[in-house]
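J.: If you scroll down you'll find the structure; I have some questions about it.
Bear in mind that the values in this text are calculations on the coordinates, not laboratory data. The structure presented is a predicted model; accordingly, all values stated were derived computationally and were not measured. With ideal geometry, Cβ positions are generated from the backbone for all residues, glycine too; neighbour counts draw on all protein chains shown.
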Amino acid sequence: MVSVIKFALYGTLVEVQELHVSAASLERQQIFTKVTSSSLGSDRLGQAWTDQSLAGCGLRCKEKYGSRCQTFMYNSNTGLCTPGSFLKSGTFGAALAPSAAVGDLFAPFSCDTSDGFTHVISGTLAACIMASNFSLNYPEAHALCLHLGAHLFVSRSMQRFNLLPPMIKYVIGLTDIAEEGKFVWQDNGETIIESFKTSLFNSGEPNDIRGEDCVNVRVTGSNHIANDYPCDTFKHRFVCERSYIRY
């Protein structure tokens, strides 16, 4: 399991499943994750110090070096914390990879923000998304997301829908196009869990009343936010989702 942490605004620390670093002086949040490749490393920015936690190590690196702190190394056994510069790969990266004594290397785990994509956070959840300000039917939205190296937004929990702007109807990556009544997620083809389907859809939905095989949602802060609708006929705004860049 990847060791990761979260820094909230102005240096408040919260331990979660991801590491978000932000501060008053930073406009863009960064997510850090443990690098597992032995061919990746970074130049040291200065002398190492001892810190009581992974969170403290990363936060002090950012406080001390600002945007120059692009990586850091932490030994959870000794507390040794080493500030690092940009991640390097290949021969140079392998030569700079940390030893066991130095500890694990942590590097940015980032959102490709080209084409209007942005990193959004809700509680402990995060996503790299582009919420459209125009409407398309499902085939058009699906094709555009694929063209952008993404897929239509998917969510296997009600909480994750809070990543979307509220009170706007969006197309999502859930359909029963292949088999009537069997709704599957576009990202991996998994069938929606029946209990979650019950929570997700409005009362009496999905009903396929007009050959409705696609799904839209309107985030309202409660359950029962989805309806099925005809894929080709109606146009809605949509949300594309990209995977994070990992190491």
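J.: I'd like the Karplus ³J(HN,Hα) series for region 178-184: coefficients 6.51, -1.76, 1.60, θ = phi - 60°, whole numbers in Hz, and an x wherever there's a Gly or Pro.
T.: Taking θ as phi minus 60°, the curve returns 6, 8, 4, x, 9, 7, 10 Hz for region 178-184.
J.: Which far-off residues, 5 or more places away or on another chain, put their amide H under 5 Å from the one on Thr71, with H placed in the peptide plane?
T.: It is Gly84, Ser85, by chain and number.
J.: Let me ask something else about it. Report the gain in length on full extension from Ser76 to Ser53: 0.36 nm times residue separation, minus Cα-Cα distance, nm rounded to one decimal.
T.: On the way: separation 23, 0.36 × 23 = 8.28 nm, distance 0.74 nm.
Working it through step by step, the gained length comes to 7.5 nm.
J.: Could you check the spin-label model distance between Asn207 and Ser135? Points 7 Å from the Cα along Cα→Cβ, value in nm.
T.: 2.0
J.: Tabulate in residue order the Karplus-calculated ³J(HN,Hα) for region 34-50, using 6.51 cos²θ - 1.76 cosθ + 1.60 with θ = phi - 60°, rounded to whole Hz; enter x for Gly and Pro.
T.: Per residue, the Karplus-derived 3J(HN,Hα) values read 5, 7, 9, 7, 7, 9, 10, x, 8, 5, 6, 7, x, 5, 6, 9, 9 Hz.
J.: In addition: Express the relative contact order of region 126-247 as a whole percentage, based on alpha carbon pairs under 8 Å and six or more residues apart in sequence.
T.: Numbers: 233 pairs, mean separation 49.0, N = 122.
Averaging sequence separation for qualifying contacts and normalising by length gives 40 percent for region 126-247.
J.: In which sequence would Ile172, Ile209, Ile129 go, from the one with the fewest C-beta neighbours within 10 Å to the one with the most?
T.: Details: Ile172 26, Ile209 11, Ile129 20.
Ordered by Cβ neighbours within 10 Å, fewest first: Ile209, Ile129, Ile172.
J.: Okay, moving on. Using only DSSP helix segments of four residues or longer, with each worth -39500 (n - 2.57), what per-residue ellipticity at 222 nm results for the chain after dividing by its residue count and rounding to 500?
T.: On the way: 4 runs with 36 residues, N = 247.
Mean residue ellipticity, 222 nm, calculated: -4000 deg cm²/dmol.
J.: Give the Cα extents of the chain along the principal axes, in whole Å, largest first.
T.: The Cα atoms of the chain stretch 67, 36, 31 Å along their principal axes.
J.: Pulled fully out, how much extra length does the chain show between Thr198 and Phe234, if you take 0.36 nm times their separation in residues and subtract their Cα-Cα distance?
T.: Working: separation 36, 0.36 × 36 = 12.96 nm, distance 2.36 nm.
So the chain would gain 10.6 nm between Thr198 and Phe234.
J.: Rank the residues Phe32, Phe201 as a footprinting-exposure proxy: fewest other Cβ atoms within 10 Å of their Cβ go first.
T.: Values: Phe32 27, Phe201 21.
By the 10 Å Cβ count, ascending: Phe201, Phe32.
J.: Checking a compactness column here: for region 51-158, what do you get for Rg(Cα) / (2.2 N^0.38 Å), N being the number of residues? Could the numbers behind the result be given before it?
T.: Working: Rg = 19.0 Å, N = 108, 2.2 N^0.38 = 13.0 Å.
Relative to the 2.2 N^0.38 Å estimate, region 51-158 comes out at 1.46.
J.: Would you list which lysines come within 20 Å of Lys235, measuring only between C-alpha atoms, while excluding same-chain residues fewer than 8 positions from it?
T.: Lys169
J.: Would you compute the Debye intensity of region 114-242 from its alpha-carbon atoms alone, equal scatterers and no solvent, and pass along log10 I(q)/I(0) at q = 0.19, 0.21 Å⁻¹ to two decimals?
T.: Ignoring solvent entirely, the Cα scatterers give -1.07, -1.34.
J.: Rank-order 182-194, 58-70, 109-121 by packing density, defined as the average count of other C-beta atoms within 10 Å over each peptide's residues, highest first. Write out the running numbers ahead of the final one.
T.: On the way: 182-194: 14.2, 58-70: 17.9, 109-121: 16.1.
Top to bottom by mean Cβ count within 10 Å: 58-70, 109-121, 182-194.
J.: Once phi is turned into θ = phi - 60°, what whole-Hz ³J(HN,Hα) does the Karplus curve with 6.51, -1.76 and 1.60 give for every residue of region 54-61, x standing for Gly and Pro?
T.: After applying 6.51 cos²θ - 1.76 cosθ + 1.60, I find 4, 4, x, 4, x, 5, 5, 4 Hz.
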